[in-house]
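Below: the structure, in structure tokens.
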Amino acid sequence: MRLLDRYLLRELLVPLVYCLAGFFIFWVSFDLFSGLEDFQRRHLTFGEILLYYVVTSPEQISLVMPIALLLGMLYALTNHSRHNEVTAMRAAGISLWRLSAPYFGVGLVFAVICFLLNELWVPRSEERGEDILLGHTQPGGNAAGRFWHTNVVFTNHREGRTNTWHLVRYHSRTHEMDGPTVISEDTAGERHRITALEPMADNGAALVQISARRGIYTNGAWLFQSASIMSFTNLSNPVPRIERSEELLLKGFSDPPAFIDSEIRVSSLTAIRAAKRPQLSLREIANYLALHDHLEPAQRALIETQWQCRLAAPWTCVVVVLIALPFVAATGRRNVFVGVAASIFICFAYFVLQRIGLSLGVGGHISPWIAGWLPNIAFATAGFCLMVRAR
């Protein structure tokens, strides 16, 4: 790494750390003062309050990282311009693109961090925070009840059979089922083999219905207790073959709990919530799409818009670099507060454009990829044009 790159990074990291810490402290302080009465009513200890903010912070961090990077860059670059350092660097033959190399490196690192946060921690951070608020970490807490979902129905169209699951109750944490019923129907005309039912049901069964008192997921397969199996080999002459088993291991059904969890998450997502910000991870969306070959136009617009927005979100950290450097270089401003004011305006314009794109995409008025990438495309184009002009 060249001496110039190290210098630019050092001058950026100081305001960047201050911005990240400032935004985080501001969020915690605001949320703490607004929710302090609720914490006291629930008798949360200091350790539980601290844990609550630890588990809910990933979502806030992923939101403020692009803002902090933009504000830190504008502050640092305005400070460089104030001391005529940008002019000296360009007079020495260093292009604006070369100057931006360390900043793009930081932007890419931030993009990777945002992606990992959004995929690994953000989808469950809200649930973990509610666990603490509802007393999940205390003996006798009542948070476990909210993980029970009633009347869950989902369908898997893969592998030549259509498996339809009807669950009276399902626990999204322990993956327990009460009163599960699975109807497996041959859809490819190939009489696919169901190894879990041998030798009780024929391998060539066109339709199989399995009902049980309870089901649990263990060792990578569903285990049904007090199961009843009804199989039909000829649907034109529906004479069932009925067998019963105290325990039935469904090895032939590739429907892991992640598929059920994705179905529940997507089914509970309303268009209003989806229009505010990305709510689902890429893994949840992929699991949901794996179960559904055909979606209603409105549901497909919602799902695909969420997918594109989740893909586009990390790249915001790279786009802000493309905006910040030419903005300062082109204007030649030396007042530090100009950079701060500019960052506020840019953030406001970005989030307004993002909300408009989400609303139009979820409503099916524009293509999902345009809805998801509209803010990044607009600001990246503007930044590129400014870079060319300032070069």
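Is it true that residue 118 is under 30 Å from residue 46 (Cα atoms), of a type outside the set (Lys, Arg) and either part of a strand (DSSP E or B) or modelled with pLDDT of 85 or more (or both)?
yes
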(request) Please specify each residue of region 91-130 satisfying the condition of being in contact (Cβ under 8 Å) with a residue 24 or more places away in the chain and of a type in the set (D, E, K, R). (result) 119, 126, 128
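Taking the condition touching a Gly at 6+ places or on another chain (Cβ under 8 Å) and either among the basic types (Lys, Arg) or surrounded by fewer than 20 Cβ atoms within 10 Å (Cβ to Cβ) (or both), does residue 124 pass?
Criteria not met by residue 124.
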(request) Take the residues in region 331-374 that are more than 30 Å from residue 11 (Cβ to Cβ) and of a type in the set (S, T, N, Q), then tell me which one is modelled with the lowest pLDDT. (result) 359
(request) Starting from region 350-367, keep only residues that are in contact (Cβ under 8 Å) with a residue 12 or more places away in the chain, then list their pairs with residues that are among the hydroxyl-bearing types (Ser, Thr, Tyr) and surrounded by 16 or more Cβ atoms within 10 Å (Cβ to Cβ) whose Cβ atoms are within a distance under 6 Å, requiring at least 6 positions of separation or different chains. (result) 361/305; 362/305
(request) Could you tell me whether residue 247 is buried (at least 17 other Cβ atoms within 10 Å of the Cβ) and either at pLDDT 80 or above or touching a Leu at 6+ places or on another chain (Cβ under 6 Å) (or both)? (result) no
(message) For the structure I just gave you, tell me whether residue 100 is over 26 Å from the mean Cα position of the chain (by Cα) and closer than 27 Å to residue 348 by Cβ.
(response) yes
(message) If I go through region 26-48 residue by residue, how many of them are basic (Lys, Arg) and touching a residue at least 12 places away in the same chain (Cβ under 8 Å)?
(response) 1
(request) Go through 388, 328 for me and flag whichever is surrounded by fewer than 18 Cβ atoms within 10 Å (Cβ to Cβ) and at pLDDT below 85. (result) 388
(message) Looking at the structure I just gave you, is residue 323 modelled with pLDDT of 75 or more and outside any helix (DSSP H, G or I)?
(response) no
(request) Check region 36-50 and report whether any residue there is closer than 28 Å to residue 350 by Cβ and of a type in the set (Gly, Ala, Ser). (result) no
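The values are calculated or read from the model by the stated rules, or taken from the named source; none is laboratory data. None of the values given here were measured: they were computed from a predicted structure. Ideal geometry is used to build each Cβ from the backbone, glycine not excepted, and the neighbour counts take in all protein chains shown.
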